[in-house]
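S.K.: Following this message is one structure expressed as structure tokens.
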Amino acid sequence: MSEFLQFLINGVAVGSMYALIALGYTMVYGIVSLINFAHGEFMMMGAFIGALVLNRLQGTPLVVALLIAMLASGLIAVVTELVAYRPLRNQPKIFVLTAAIAVSVLLQNVARLVFGASAVAFPASFPEGSIAFDSLGIWIEYSQLIVLCLSLVLMVGLWLVVNKTKIGMAMRATSQDLEAARLMGIDTNVIISFTFFVGASLAGAVGVLYGMQYSVDPLMGVQPGLAAFVAAVLGGIGSLPGAMIGGVLIGVIENLVAGYLSSTYQSAITFLILILVLSVKPSGLLGRMTVVKV
């Protein structure tokens, strides 16, 4: 039981990061019906920029580096939407999907040119040590606790923005009917850009948190990005609560598979879940089936 609980704790910590990335996927899809496969690269860019700030500017607080990484990732996403996605908005979806894959590869190669192809390490910014629960035979590392707390703060902040602000109301209106929102006086281009900014900012924050526990390289966003995409589909693409639940579930499942079977099966299990969800319940756990009239 103690072993299971330990895997569960580790899975929730990783799953909270998947959830933040999945929120970006589901927000963008809810607004413009686009699966942005370049989303993992926004995470990667945030990780590189956070590492650059902490390595070059010694003594910079982690929170400052986190905010800079979030801002930079958000701006990169806004430029990407403006240059690559907006001109194709009224084209068939396959054109935009192809553009998203192209942007993903482009950002990976830009990172190689700017930051180099070698892995970059973060300086030690998380306190070392853990909190032990001897009666249960488990422990929680301080780094995991920080990741969980920051993830929770960001999720709550997003919920407040979406549900308690005017721009959040405009986002929800645009998500329900983009053309009707435009006719009601909402600048939908601004709302779409803001959605990309917020989603990529969350991914940039994950890049810093993820990179501090592992390492940073131009391909680091591929696996978490795909896992988060599966999480968004599992929870119900377009549903914010679904993205959060799906992210945690995928994190827990991956850690249980790695603990009881082998880490080599993690990706296989993740995509098996995707196939099962699409086959059995394509709308996901909290998604809704929609009827499109033609």
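The values are calculated or read from the model by the stated rules, or taken from the named source; none is laboratory data. The structure presented is a predicted model; accordingly, all values stated were derived computationally and were not measured. Note that each Cβ is placed from the backbone with ideal geometry, even for glycine, and that neighbours are counted across all protein chains shown.
S.K.: Quickly run through the stretch 74-104 and pick out the residues that are surrounded by 13 or more Cβ atoms within 10 Å (Cβ to Cβ), in a helix (DSSP H, G or I) and charged (D, E, K, R).
M.R.: Correct list: Glu81, Arg86.
S.K.: Which ones in the stretch 226-240 are assigned to a helix (DSSP H, G or I) and buried (at least 23 other Cβ atoms within 10 Å of the Cβ)?
M.R.: Step one: filter the stretch 226-240 for residues assigned to a helix (DSSP H, G or I), giving 226-235, 240.
Those that are assigned to a helix (DSSP H, G or I) and buried (at least 23 other Cβ atoms within 10 Å of the Cβ): Ala227, Ala228, Phe229, Val230, Ala231, Ala232, Val233, Leu234, Gly235.
S.K.: How do the helices (runs of 4 or more DSSP H) wholly within the stretch 105-219 filter down when requiring 1 or more residues that are more than 22 Å from Leu23 (Cβ to Cβ) and in contact (Cβ under 8 Å) with a residue 40 or more places away in the chain: which remain? Please lay out each step first, then the result.
M.R.: Working: elements: 142-164, 166-176, 178-183, 188-213.
No helices (runs of 4 or more DSSP H) qualify here.
S.K.: Regarding Gln223, is this residue at pLDDT 90 or above, polar (S, T, N, Q), under 22 Å from Ala13 (Cβ atoms) and surrounded by fewer than 20 Cβ atoms within 10 Å (Cβ to Cβ)?
M.R.: Details: at pLDDT 90 or above: yes; polar (S, T, N, Q): yes; under 22 Å from Ala13 (Cβ atoms): yes; surrounded by fewer than 20 Cβ atoms within 10 Å (Cβ to Cβ): yes.
Answer is yes for this residue.
S.K.: Would you be able to tell me the number of residues in the stretch 233-271 that are modelled with pLDDT of 85 or more and either of a type in the set (D, E, K, R) or in contact with a Leu (Cβ under 9 Å, 6 or more places away or on another chain) (or both)?
M.R.: Qualifying residue count for the region: 22.
S.K.: Given the criterion more than 30 Å from Leu256 (Cβ to Cβ), surrounded by 19 or more Cβ atoms within 10 Å (Cβ to Cβ) and in contact (Cβ under 8 Å) with a residue 60 or more places away in the chain, identify the matching residue among Ala19, Ala69. Explain how you work it out, then say what you get.
M.R.: Details: Ala19 fails: more than 30 Å from Leu256 (Cβ to Cβ).
Testing whether each residue is more than 30 Å from Leu256 (Cβ to Cβ), surrounded by 19 or more Cβ atoms within 10 Å (Cβ to Cβ) and in contact (Cβ under 8 Å) with a residue 60 or more places away in the chain leaves just Ala69.
S.K.: Kindly indicate the residue of the stretch 241-268 that is hydrophobic (A, V, I, L, M, F, W, C), in contact with a helix residue (DSSP H, G or I) (Cβ under 6 Å, 6 or more places away or on another chain) and within 26 Å of Met155 (Cα to Cα) and also surrounded by the fewest Cβ atoms within 10 Å (Cβ to Cβ) among those meeting that condition.
M.R.: Here is the first cut: in the stretch 241-268, the ones hydrophobic (A, V, I, L, M, F, W, C) are 243-245, 248-250, 252-253, 256-258, 261, 268.
Next cut, in contact with a helix residue (DSSP H, G or I) (Cβ under 6 Å, 6 or more places away or on another chain) only: 243-245, 248, 250, 252, 256-258.
Within this subset, residues satisfying the condition of being within 26 Å of Met155 (Cα to Cα) are 243-245, 248, 250, 252, 256.
Working: Ala243: 34, Met244: 26, Ile245: 21, Val248: 23, Ile250: 30, Val252: 19, Leu256: 17.
That would be Leu256.
S.K.: Counting only residues that are under 20 Å from Pro92 (Cα atoms) and either free of Cβ contacts under 8 Å to residues at least 40 places away in the same chain or surrounded by fewer than 24 Cβ atoms within 10 Å (Cβ to Cβ) (or both), how many does the stretch 27-66 have?
M.R.: The qualifying residues number 8.
S.K.: Those residues that are over 12 Å from the mean Cα position of the chain (by Cα), within 19 Å of Gly204 (Cα to Cα), outside any loop (DSSP other than H, G, I, E, B) and of a type in the set (A, V, I, L, M, F, W, C), I need them from the stretch 3-48; list them, please.
M.R.: Ala13, Met45, Ala47, Phe48
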